[in-house]
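*Asks:* Structure below; questions to follow.
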Amino acid sequence: MSGQIAHASYGATKSKRRRACPGSLKAEERFPDESSPFAELGTAAHELGEHCLENGIMDVSETIGGTFYNHVVDENMAAAVQTYVDFVKGIEADEAPALLRLEQRFSLEDLDPPMPMFGTSDCTIYGKKTANLWIIDYKHGQGVAVDVEDNAQLKYYALGAVLKIGDKAPINQVHTAIVQPRASHRDGPIRTHSYTKDEILDFGTDLMDAARAALEPDAPLIAGDHCKFCKAAGVCPALRSNALAVAQDDFGVIRSIEDLTPEEIGSYLERIPLVEEWIKSLRRHANSMLEAGASVPGYKLVEKRPTRRWKTQEEVMEWAA
């Protein structure tokens, strides 16, 4: 993964949110794309995986101490990426003779999308004899375990691969896989789900309909678990209304927890993650305003107290001597 990769406003990584909340396309327009330490670490791990697969490095620990995307490879990163490398090489061997493509760029222009729609899949493998198509996505994050079944991002990548192959070769099954070794999931660190070619093409039809719906002037804002990474979450009226509804009844009166029925408690508990996300988003938005020079009554930015960490045992001994 070299250089900066442009992201479509209706790209694969945002397709779940766009389909679930058509209004998010316009709502996020005024917010710039911002990186984070977690995203940069993930980029480094992706680059490491690509480097190992391209250069036939089977033991990722050989790269410990090397630098990728300004991050030094440590044992934890090497162990996580090793899971990805082993899985990819295993699928390539099972499908042999196979075509393996890393960071394959594609466009959905053949479907006449209402806006530029494209993406880049981590790993695509096509079995020449089996006609199986594999879409493998590596996720380095450990905070949110991602489900593979009906995963809009992977289906988007699969659609791009199917269109790229076109009539040049048959496609038997489309297998999607998520490799996420650092997050706990009931199905383990590697999850797979399969589709027929027709199912992926049907998804393409639905995707185009959803993209056109997102361009409508009155595209609705709809709160849900897809709000987690939305840049507009902190100012979203739908998410705010959902959060307030947890604490208020139909008459707008805040009720005591003791007055709630078991059914109401169960219903509220299901919505608590949205409340928490709105609070986090509100704090992020306030912080962004303060960093931009705006004022938020009662709040100000303060410099964090730096904490010194010893780099090596030798440094500790030198200081103590």
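*Asks:* Given the options Asp187, Asp147, name the one that is within 25 Å of Ala78 (Cβ to Cβ), out of contact with any Leu (no Cβ under 9 Å at 6 or more places or on another chain) and open to solvent by 30 Å² or more (accessible area, probe 1.4 Å).
*Replies:* On the way: Asp147 fails: within 25 Å of Ala78 (Cβ to Cβ).
One residue alone meets the criteria, Asp187.
Results for (1) touching a Pro at 6+ places or on another chain (Cβ under 6 Å); (2) modelled with pLDDT of 95 or more; (3) under 27 Å from Met289 (Cα atoms), shown as yes or no for each residue.
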| residue | (1), (2), (3) |
| --- | --- |
| Ala8 | yes, no, yes |
| Arg30 | no, no, yes |
| Leu48 | no, yes, no |
| Ile57 | no, yes, no |
| Ala79 | no, yes, no |
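*Asks:* I've got another one for you. Quick one: is Arg105 open to solvent by 60 Å² or more (accessible area, probe 1.4 Å), in contact with a strand residue (DSSP E or B) (Cβ under 8 Å, 6 or more places away or on another chain) and not in a helix (DSSP H, G or I)? Write out each step before concluding.
*Replies:* Details: open to solvent by 60 Å² or more (accessible area, probe 1.4 Å): yes; in contact with a strand residue (DSSP E or B) (Cβ under 8 Å, 6 or more places away or on another chain): yes; not in a helix (DSSP H, G or I): yes.
Yes, satisfied.
*Asks:* Considering (1) buried (at least 21 other Cβ atoms within 10 Å of the Cβ); (2) among the aromatic types (Phe, Trp, Tyr); (3) closer than 18 Å to Arg19 by Cβ, say which one Tyr138 fails and leave the rest.
*Replies:* The single condition Tyr138 does not satisfy is (3).
*Asks:* Still on this structure, please answer the following. With respect to the numbered conditions (1) assigned to a helix (DSSP H, G or I); (2) of a type in the set (S, T, N, Q); (3) at pLDDT 95 or above, which one is the sole condition not fulfilled by Ser241?
*Replies:* (3)
*Asks:* Now, a different point. Mind listing just one residue for me: the one in region 32-44 that is in contact with a helix residue (DSSP H, G or I) (Cβ under 9 Å, 6 or more places away or on another chain) and modelled with pLDDT under 85 and, of those, farthest from Val72 (Cα to Cα)? Spell out how you get there, then give the answer.
*Replies:* Let us first name the residues in region 32-44 that are in contact with a helix residue (DSSP H, G or I) (Cβ under 9 Å, 6 or more places away or on another chain), namely 34-35, 41, 44.
Then keep just the ones that are modelled with pLDDT under 85; that gives 34-35.
Details: Glu34: 22, Ser35: 18 Å.
Selected residue: Glu34.
*Asks:* If we keep just the residues of region 10-26 that are of a type in the set (A, V, I, L, M, F, W, C) and either under 18 Å from Phe118 (Cα atoms) or at pLDDT below 90 (or both), which is surrounded by the fewest Cβ atoms within 10 Å (Cβ to Cβ)? Before you say what the answer is, go through the steps one by one.
*Replies:* As a first pass, look at region 10-26 and keep what is of a type in the set (A, V, I, L, M, F, W, C): 12, 20-21, 25.
When the remaining residues are screened for being either under 18 Å from Phe118 (Cα atoms) or at pLDDT below 90 (or both), the result is 12, 25.
Values: Ala12: 27, Leu25: 22.
The qualifying residue surrounded by the fewest Cβ atoms within 10 Å (Cβ to Cβ) is Leu25.
*Asks:* Residues that are open to solvent by less than 10 Å² (accessible area, probe 1.4 Å), part of a strand (DSSP E or B) and in contact with a helix residue (DSSP H, G or I) (Cβ under 7 Å, 6 or more places away or on another chain): does region 157-166 have at least one? Break it down stepwise before answering.
*Replies:* To start, the set of residues in region 157-166 that are open to solvent by less than 10 Å² (accessible area, probe 1.4 Å) comprises 158-162.
If we keep only those that are part of a strand (DSSP E or B) as well, we get none.
Taking every residue of region 157-166 in turn, none turns out to be open to solvent by less than 10 Å² (accessible area, probe 1.4 Å), part of a strand (DSSP E or B) and in contact with a helix residue (DSSP H, G or I) (Cβ under 7 Å, 6 or more places away or on another chain).
*Asks:* Taking Ile200 as meeting all but one of (1) at pLDDT 95 or above; (2) touching an Asp or Glu at 6+ places or on another chain (Cβ under 7 Å), write down the number of the exception.
*Replies:* (2)
*Asks:* Looking at region 275-292, can you tell me whether even one residue there is modelled with pLDDT under 80 and in a loop (DSSP other than H, G, I, E, B)? Can you show your working first?
*Replies:* If we filter region 275-292 for residues that are modelled with pLDDT under 80, which is where we start, we get 275-292.
Remaining after also requiring in a loop (DSSP other than H, G, I, E, B): 292.
Yes, region 275-292 contains at least one residue that is modelled with pLDDT under 80 and in a loop (DSSP other than H, G, I, E, B).
*Asks:* Something else: Name the one entry in Ala211, Ala177, Ala219 that is open to solvent by less than 40 Å² (accessible area, probe 1.4 Å) and part of a loop (DSSP other than H, G, I, E, B).
*Replies:* Numbers: Ala211 fails: part of a loop (DSSP other than H, G, I, E, B); Ala177 fails: part of a loop (DSSP other than H, G, I, E, B).
Criteria check complete, one pass: Ala219.
*Asks:* Here's something else I'd like to know. Can you tell me which residues in region 90-125 are touching a residue at least 12 places away in the same chain (Cβ under 8 Å), of a type in the set (A, V, I, L, M, F, W, C) and within 23 Å of Glu62 (Cα to Cα)?
*Replies:* Ile91, Leu100, Leu102, Cys123
*Asks:* Looking at (1) touching a helix residue (DSSP H, G or I) at 6+ places or on another chain (Cβ under 9 Å); (2) under 28 Å from Val60 (Cα atoms); (3) hydrophobic (A, V, I, L, M, F, W, C), can you tell me which one Phe87 breaks?
*Replies:* (1)
*Asks:* Which one of Ala80, Ala96, Ala39 is of a type in the set (Gly, Ala, Ser), open to solvent by 30 Å² or more (accessible area, probe 1.4 Å) and not in a loop (DSSP other than H, G, I, E, B)? Walk me through how you get there before you give the answer.
*Replies:* Details: Ala80 fails: open to solvent by 30 Å² or more (accessible area, probe 1.4 Å); Ala96 fails: not in a loop (DSSP other than H, G, I, E, B).
Selected residue: Ala39, the only one of Ala80, Ala96, Ala39 that is of a type in the set (Gly, Ala, Ser), open to solvent by 30 Å² or more (accessible area, probe 1.4 Å) and not in a loop (DSSP other than H, G, I, E, B).
The values are calculated or read from the model by the stated rules, or taken from the named source; none is laboratory data. Note that the coordinates shown come from a computational prediction; the quantities given were computed from them, not determined experimentally. Cβ coordinates were reconstructed from backbone atoms using ideal geometry, including for glycine residues, and neighbour counts include every protein chain displayed. Heads up: the accessible areas ignore ligands, DNA and RNA and are worked out on the full protein's heavy atoms, side chains in. Shrake-Rupley method; radii C 1.70, N 1.55, O 1.52, S 1.80 Å.
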